[in-house]
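Written out below as structure tokens is the structure these notes cover.
The values are calculated or read from the model by the stated rules, or taken from the named source; none is laboratory data. Please read these numbers as outputs of a predicted model, since none were measured by experiment. Don't worry about glycine lacking a Cβ; one is built from the backbone with ideal geometry, like all the others, and counts go over all protein chains shown.
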């Protein structure tokens with residue numbers, strides 16, 4: 001596979017290493033995400049989210065990363081969904097964003113907390129009206145007898161709200177993964193990939209860094 005020199009040359013690698021040395025994974029993540037937004041054709045913020053309930057059996061699905069800062073990575077969902085139920089039993093999760101066009105990925109894991117109500121309300125209000133109505137209509141992850149039943153539920157909720165505001169349902173909110181581990185991975189020739197890891201003992205702790213064998 002031909003390597004894009006803009007993404008994989010020595011200068012790029014040195015730039016990553018300087019960011020790692022500075023001990024700020026969120027700045028580096030922001031730079032990679034910004035680059036992905038110019039290169040990925042669809043959903044550069046698509047994230048595989050892994051959770052596990054009390055039984056410890058892992059579960060994974062794609063969601064959208066909606067926010068991030070030095071406190072963590074935020075996604076939104078129905079708390080009564082499969083992932084919501086698993087998180088209620090085990091408030092820990094892992095995520096990975098893979099950008100095929102860049103041949104890079106970032107993965108992280110840590111405890112999970114709810115975003116506050118004001119943050120959830122603000123994000124919900126920014127969604128398209130039909131998406132807000134859909135959040136009321138969908139009993140996410142539960143059995144659905146037919147597509148028509150879903151369409152009826154959407155129509156019912158649309159009629160209920162009319163032209164008024166569509167508030168955030170109590171069962172719909174955001175979760176923030178507070179990472180204790182973040183890994184930055186870059187594709188290199190002959191499977192000799194470049195891996196840099198940030199670790200800390202707790203979400204408010206100091207980062208240590210190391211390079212891993214591919």
**OP:** Would you check if residue 80 is farther than 26 Å from residue 207 by Cα and at pLDDT below 95?
**Re:** no
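Every residue in region 64-104 that is part of a strand (DSSP E or B) and without any contact (Cβ under 8 Å) to a residue 40 or more places away in the chain, please.
Applying the first criterion (part of a strand (DSSP E or B)) to region 64-104 yields 64, 67-69, 72-78, 92-99, 104.
The answer is 64, and nothing else.
I need the helices (runs of 4 or more DSSP H) fully contained in region 1-57, keeping only those with at least 3 residues that are modelled with pLDDT of 95 or more. Spell out how you get there, then give the answer.
Details: elements: 5-8, 10-22, 25-39.
The qualifying helices (runs of 4 or more DSSP H) are 25-39.
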**OP:** Would you tally the residues in region 131-155 being more than 21 Å from residue 82 (Cα to Cα) and loosely packed, with under 12 Cβ neighbours inside 10 Å?
**Re:** 2
**OP:** Being out of contact with any helix residue (DSSP H, G or I) (no Cβ under 9 Å at 6 or more places or on another chain) and assigned to a helix (DSSP H, G or I) is the filter here, so list the residues in region 105-128 that pass it.
**Re:** 117, 118, 119, 120, 121, 122, 123, 126
**OP:** May I ask you to list the residues in region 168-193 that are over 30 Å from residue 21 (Cβ atoms) and in contact (Cβ under 8 Å) with a residue 24 or more places away in the chain?
**Re:** 168, 169, 171, 172, 173, 174, 175
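Select from region 49-58 the residues that are over 24 Å from residue 204 (Cα atoms) and either out of contact with any helix residue (DSSP H, G or I) (no Cβ under 9 Å at 6 or more places or on another chain) or exposed (fewer than 14 other Cβ atoms within 10 Å of the Cβ) (or both) and list them in ascending order.
Correct list: 54, 55, 56, 57, 58.
Given the structure, is residue 43 under 16 Å from residue 100 (Cα atoms), exposed (fewer than 14 other Cβ atoms within 10 Å of the Cβ), under 13 Å from the mean Cα position of the chain (by Cα) and touching a residue at least 12 places away in the same chain (Cβ under 8 Å)? If you could, list the steps in order and put the result at the bottom.
Numbers: under 16 Å from residue 100 (Cα atoms): yes; exposed (fewer than 14 other Cβ atoms within 10 Å of the Cβ): yes; under 13 Å from the mean Cα position of the chain (by Cα): yes; touching a residue at least 12 places away in the same chain (Cβ under 8 Å): yes.
Here the answer is yes, as residue 43 does meet what is asked.
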**OP:** Considering only region 61-84, state which residues are in contact with a strand residue (DSSP E or B) (Cβ under 9 Å, 6 or more places away or on another chain) and surrounded by fewer than 15 Cβ atoms within 10 Å (Cβ to Cβ).
**Re:** 61, 62, 64
